[in-house]
Amino acid sequence: MSRTVYVNGAFVPEEEASVSIFDRGFLFADAIYEVTAVIDSKICEWEGHVARLERSLGEIGMGMPMSSEELLEIHRELVKRNDMEEGAIYLQITRGAIDRDFVMPKDLEQTVVLFTQAKKLTGEKKGLRVVSMPDIRWARRDIKTVQLLAASMVKTEAKKQGKDDAWMVEDGFVTEGSSNNTYIVTAEGKIITRNLSNSILPGITRKSVLRIAEEMKMEIEERPYTIEEAQKATEAFMTAATSFVTPVLEIDGVELGDGTPGPVSKRLCEVYIEEARKASC
Ligand code: PMP
């Protein structure tokens with residue numbers, strides 16, 4: 001069944017949606033995106049996503065094309081029109097369409113595109129096997145741009161090797177997963193995750209999960225760690241908006257703990273989903 005998508009002010013069947021070949025999102029990856037989870041037909045973590053969206057846009061010299069309330073309304077309308085109970089909403093804002101030029105034009109009408117991806121998000125998590133790969137992305141990974149070629153390449157390579165995802169490594173330390181933040185848990189139960197900087201995306205799920213862990217009196221250390229340290233961890237997990245908290249069972253062929261999802265990631269996932277449901281809008 002064809003979805004209804006949103007393009008520049010109109011809700012249209014996906015077959016009729018189009019953007020210009022001169023769009024700077026297409027030609028220069030001059031665009032910002034967000035992916036927001038939907039549970040029980042409601043939008044999760046709205047405040048966090050819209051705040052990061054505004055920041056990302058600002059970092060590349062763009063503003064919001066409309067108010068946060070108007071954007072939320074479009075999200076809700078898409079959920080309604082597509083009768084979606086669970087899944088993701090993808091939002092992309094580009095600088096707009098203009099004849100190709102490296103100089104960023106001013107005051108162009110932005111392109112705004114949103115679409116839904118219905119899928120089951122809640123439910124038992126099996127856990128992932130990951131492989132490490134060099135992080136070949138640009139230096140401003142804190143901005144959520146659509147330059148996802150490197151992430152797509154490492155994920156594809158991981159699949160080719162029969163694994164589920166890649167953990168990217170720079171200067172000997174893990175940055176993040178192809179599209180998620182990563183964590184390890186020590187034998188003492190301490191959660192270690194890379195500190196925020198230009199090297200990683202400030203995950204919205206990361207922020208909530210760390211708050212929950214703190215409320216649960218778990219010890220947290222925000223610092224870089226190596227693959228070797230991760231392989232000695234008792235458990236590991238990753239977080240992202242539509243996969244919440246997902247256990248990592250194996251890193252570069254080394255099984256963690258007994259090779260099954262660990263109690264810390266299981267508990268954090270349960271509480272995270274419970275809270276995200278309650279706070280959804
Ligand atoms: N890091 C990267 C590189 C990502 O692409 C994502 C997912 N967009 C994340 C981390 C997790 O962020 P969030 O929890 O906001 O989905």
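The values are calculated or read from the model by the stated rules, or taken from the named source; none is laboratory data. Note that the structure is a prediction, hence the values are computed from the model and not measured. Here the Cβ positions follow ideal geometry from the backbone for every residue, glycine too, while neighbour counts run over all protein chains shown.
A few remarks follow.
- Search result, residues across region 160-207 that are polar (S, T, N, Q), farther than 18 Å from PRO247 by Cα and more than 18 Å from the chain's Cα centre (by Cα): GLN161
- Test: residue in region 168-179 that is exposed (fewer than 15 other Cβ atoms within 10 Å of the Cβ) and part of a loop (DSSP other than H, G, I, E, B): yes
- Some residue of region 109-118 being of a type in the set (D, E, K, R) and out of contact with any strand residue (DSSP E or B) (no Cβ under 6 Å at 6 or more places or on another chain): yes
- Within region 129-146, being surrounded by fewer than 16 Cβ atoms within 10 Å (Cβ to Cβ) and in contact (Cβ under 8 Å) with a residue 40 or more places away in the chain holds for ALA139, ARG140.
- Top-ranked residue in region 65-96 [being in contact with a Gly (Cβ under 9 Å, 6 or more places away or on another chain) and hydrophobic (A, V, I, L, M, F, W, C); ranked as nearest to VAL7 (Cα to Cα)]: ILE93
- Just one residue in the set THR246, THR260, THR242 is of a type outside the set (D, E, K, R), within 13 Å of the ligand (Cβ to nearest atom), in a loop (DSSP other than H, G, I, E, B) and in contact (Cβ under 8 Å) with a residue 60 or more places away in the chain; that residue is THR242.
- Qualifying residue in region 203-217 (condition: farther than 25 Å from LYS119 by Cα, touching a residue at least 24 places away in the same chain (Cβ under 8 Å) and either surrounded by fewer than 17 Cβ atoms within 10 Å (Cβ to Cβ) or of a type in the set (Val, Ile, Thr) (or both)): yes
- Subset of region 196-224 that is away from the ligand (no atom under 16 Å from the Cβ) and not in a strand (DSSP E or B) - its residue that is farthest from GLU274 (Cα to Cα): ARG223
- Subset of region 80-91 (residues that are free of Cβ contacts under 8 Å to residues at least 60 places away in the same chain, touching a strand residue (DSSP E or B) at 6+ places or on another chain (Cβ under 7 Å) and over 10 Å from GLN117 (Cα atoms)): LEU91
- Exactly one residue out of LYS119, LYS80, LYS125, LYS163 is modelled with pLDDT under 95, surrounded by fewer than 21 Cβ atoms within 10 Å (Cβ to Cβ) and of a type in the set (Lys, Arg): that is LYS125.
- Residue match in region 94-101 (condition: more than 15 Å from the ligand (Cβ to nearest atom), basic (Lys, Arg) and under 23 Å from PRO202 (Cβ atoms)): yes
- The set of residues in region 135-173 being closer than 22 Å to LEU53 by Cβ and among the hydroxyl-bearing types (Ser, Thr, Tyr) consists of THR145, SER152.
- Here GLU54 meets the list (1) within 16 Å of the ligand (Cβ to nearest atom); (2) touching a strand residue (DSSP E or B) at 6+ places or on another chain (Cβ under 9 Å) almost entirely, failing just condition (2).
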